[in-house]
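The values are calculated or read from the model by the stated rules, or taken from the named source; none is laboratory data. Note that the coordinates shown come from a computational prediction; the quantities given were computed from them, not determined experimentally. Cβ atoms come from the backbone with ideal geometry, glycine included; neighbour counts cover every protein chain shown. Ligands, DNA and RNA are excluded from the accessible area calculation, which covers all protein heavy atoms including side chains. Shrake-Rupley method; radii C 1.70, N 1.55, O 1.52, S 1.80 Å.
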Amino acid sequence: MKLFSRPIDLSGVRTVVYHLPDGPALALKIEGIEEYLDLELELGHVCDTSDIDGVLHFFPKGNA
């Protein structure tokens, strides 16, 4: 288990896709909610494709 993780840069992110257990995904536009979003405290994996399409994918632990 990693104790510290890299900080997540949300500057190029327009949408966060939160992949829920059992397959469904929840897409959230982050405009206006950036200050409430703290994925660094969540357990799971992040796939940052914001440089390509502005999307950050989050896979919570147990679903990654």
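Residue-by-condition table, conditions (1) within 11 Å of the chain's Cα centre (by Cα); (2) surrounded by 13 or more Cβ atoms within 10 Å (Cβ to Cβ); (3) assigned to a strand (DSSP E or B); (4) at pLDDT 90 or above:
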{"residue": "Phe4", "(1), (2), (3), (4)": "no, no, no, no"}
{"residue": "Val17", "(1), (2), (3), (4)": "yes, yes, yes, yes"}
{"residue": "Gly23", "(1), (2), (3), (4)": "no, no, no, no"}
{"residue": "Glu35", "(1), (2), (3), (4)": "no, no, no, no"}
{"residue": "Val46", "(1), (2), (3), (4)": "yes, yes, yes, no"}
{"residue": "Leu56", "(1), (2), (3), (4)": "yes, yes, yes, yes"}
{"residue": "Gly62", "(1), (2), (3), (4)": "no, no, no, no"}
Under the condition of being charged (D, E, K, R) and at pLDDT 75 or above, which residue from region 6-15 is least open to solvent (accessible area, probe 1.4 Å)? Asp9
